[in-house]
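Written out below as structure tokens is the structure these notes cover.
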Amino acid sequence: MGQKWKRREFLSKSVKGTIGLFAVSTLPLGLTACNEDESIDVSSMVNLGSLKELEKGEFPKKVPYKAKIQDAWVEQEMEGFVYVNKNKEGDTLLIMSPICTHLGCTAGDAEIEMQKEGIRFYCPCHGGQYDEFGINVGGPPPRPLDTFDAYAQNGDVYISVLSAKQRKKPSN
């Protein structure tokens, strides 16, 4: 009977310790999200330029990037582009990956005639069609273009180009 009590006590303390360790390890994440003054590590992010410049001009627009990204112990040169638009409410930037969600080809600007029909981005590989907000409106893509969370630091906008977020097609 003494053995069972020690085993239960051990398991109980182990579970409590694990939960406590988890709570302590996630606390800094919550604090970072709430504190705008705290700087973020941008070594694995791409700088898209100043927020003031990104908000100028017509939307959606193609924004090129070129950066050295530190991913774990590997530093790599990355070059590409993203599409930037304002969200439907017009109050925040929507930063979209150009990678078609069908088979990973690159979706480019649709031809003028297609744009008149509401198709803004087009993937010529298999006919994927997206509107100005990256929502799939035709062809085989199963979901909208992926997006990136944006982080502002010292007036510049950064994205984690290695961490695109999947999104679902909004229901009408």
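Tell me yes or no: at least one residue of segment 91-98 is assigned to a strand (DSSP E or B), among the small types (Gly, Ala, Ser), modelled with pLDDT of 90 or more and surrounded by 15 or more Cβ atoms within 10 Å (Cβ to Cβ).
No; the residues of segment 91-98 include none that is assigned to a strand (DSSP E or B), among the small types (Gly, Ala, Ser), modelled with pLDDT of 90 or more and surrounded by 15 or more Cβ atoms within 10 Å (Cβ to Cβ).
Any idea which residue in segment 46-72 is nearest to residue 133 (Cα to Cα), counting only those that are of a type outside the set (Gly, Ala, Ser) and part of a loop (DSSP other than H, G, I, E, B)?
60
Among 155, 139, which is touching a helix residue (DSSP H, G or I) at 6+ places or on another chain (Cβ under 9 Å) and at positive phi?
Checking each option against the conditions leaves just 155.
For segment 116-172, give me each residue that is over 18 Å from the mean Cα position of the chain (by Cα) and not assigned by TED's automatic domain parsing to the domain that holds residue 92.
171, 172
Somewhere in segment 123-142, is a residue under 30 Å from residue 70 (Cβ atoms) and in a loop (DSSP other than H, G, I, E, B)?
Yes, segment 123-142 contains at least one residue that is under 30 Å from residue 70 (Cβ atoms) and in a loop (DSSP other than H, G, I, E, B).
Do we find a residue being in a strand (DSSP E or B) and of a type in the set (A, V, I, L, M) anywhere in segment 115-122?
Scanning segment 115-122 turns up no residue that is in a strand (DSSP E or B) and of a type in the set (A, V, I, L, M).
Just the residues that are surrounded by fewer than 16 Cβ atoms within 10 Å (Cβ to Cβ), in contact (Cβ under 8 Å) with a residue 24 or more places away in the chain and either part of a loop (DSSP other than H, G, I, E, B) or acidic (Asp, Glu) (or both), please, taken from segment 150-165.
155, 162
Any idea how many residues of segment 106-149 are of a type in the set (Lys, Arg) and either exposed (fewer than 14 other Cβ atoms within 10 Å of the Cβ) or at pLDDT below 90 (or both)?
Residues in segment 106-149 being of a type in the set (Lys, Arg) and either exposed (fewer than 14 other Cβ atoms within 10 Å of the Cβ) or at pLDDT below 90 (or both): 1 in total.
Out of 56, 62, 68, report the one residue that is assigned by TED's automatic domain parsing to the domain that holds residue 95, modelled with pLDDT of 90 or more and either at negative phi or hydroxyl-bearing (Ser, Thr, Tyr) (or both).
Answer to the check: 62.
The values are calculated or read from the model by the stated rules, or taken from the named source; none is laboratory data. Computed from a predicted structure; not experimentally measured. Counting neighbours? That spans all protein chains shown, and the Cβs are built from the backbone with ideal geometry, glycine included.
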